[in-house]
Amino acid sequence: MESHYLYSLARGWKQVLAFALVTAVAGMGISFLFPLQYSSSMRMLIIQKELNGVDPYTAIKASERISDNLAQIVYTTSFFDKVMGAKFNIDQSVFKTEESKKRKQWRDMIETRVIRDSGMLSVTVYHTDPKQAEQISRAIAFVLTTDGWQYIGGGSLDIKLVDEPLVSRYPVRPNVPANAFMGFILGIIAGTGYVLLGARRHSVFGVPQ
């Protein structure tokens, strides 16, 4: 029985490939239904001054905890207002007036990531305009370096911009190649299932393939 299914797959490889190509193209097509966005990425180093006398491991873990807090603070309305109030060339007309929609829009625009065992915080901004992505990144860096200490309840925090905002040369979201590849894989699975189902019907009911 197993050899029968393997034989059917060998015979139906063109059908499997056809499924894979169709779903890959569909994945690419769906990607282009959404606006193409560029990214602007930067990295901040978090240092707690009052821990200079402790061992490096403890100092890094303390910085990680602060980075975790700041990674969430970036998404808040308070932080958003500070970024918009900074003197950078940010087009604020793209943001919704309704508070709930504006919050979602801001959260979708920003991506934060704490780099473990380094005390660094990575921030990425996504925007349809690469220049706007860079301006928002610089505004975020400015607010963090000047006012970040306010969010942890003390002035012993030192936040340094160690990697300047780097803007992608091409749109990165949605990820068209990744979506096409995922569609290709799903197509292979669907095509294989289709061929095996046909083989099962043939073996059970004697339906010609």
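The values are calculated or read from the model by the stated rules, or taken from the named source; none is laboratory data. This is a predicted model, so every value here is computed, not measured. Cβ coordinates were reconstructed from backbone atoms using ideal geometry, including for glycine residues, and neighbour counts include every protein chain displayed.
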- How many residues does the range 120-156 hold that are of a type in the set (A, V, I, L, M), crowded, with 21+ Cβ neighbours inside 10 Å and closer than 14 Å to Asn69 by Cα? 3
- Task: Mind listing whichever residues of the range 164-189 are surrounded by fewer than 15 Cβ atoms within 10 Å (Cβ to Cβ) and either among the hydrophobic types (A, V, I, L, M, F, W, C) or within 22 Å of Lys87 (Cβ to Cβ) (or both)?
- Result: Glu164, Leu166, Ala178, Phe181, Met182, Ile185, Ile189
- Item | Breaking point among (1) in a helix (DSSP H, G or I); (2) at pLDDT 95 or above, for Ser122 | (1)
- Residues within the range 93-119 that are in a loop (DSSP other than H, G, I, E, B), over 27 Å from Ile47 (Cβ atoms) and acidic (Asp, Glu), tallied: 1
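Take the range 151-194 and flag every residue that is outside any helix (DSSP H, G or I), among the hydroxyl-bearing types (Ser, Thr, Tyr) and modelled with pLDDT under 80.
Within the range 151-194, just Ser156 meets the criteria.
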- Message: I'd like to verify a number: residues in the range 123-155 that are touching a strand residue (DSSP E or B) at 6+ places or on another chain (Cβ under 6 Å) and among the aromatic types (Phe, Trp, Tyr), how many?
- Response: 2
- Message: Step by step: first the residues of the range 66-85, then only those that are outside any helix (DSSP H, G or I) and not aromatic (Phe, Trp, Tyr), then the one that is nearest to the chain's Cα centre (by Cα). Which residue is that?
- Response: Val74
- Message: Which of the numbered conditions does Tyr7 fail, given that it passes all the others? Conditions: (1) assigned by TED's automatic domain parsing to the domain that holds Tyr194; (2) modelled with pLDDT of 75 or more.
- Response: (2)
- Message: Quick check on the range 132-143. Is at least one of its residues in a helix (DSSP H, G or I), over 21 Å from the mean Cα position of the chain (by Cα) and not basic (Lys, Arg)?
- Response: yes
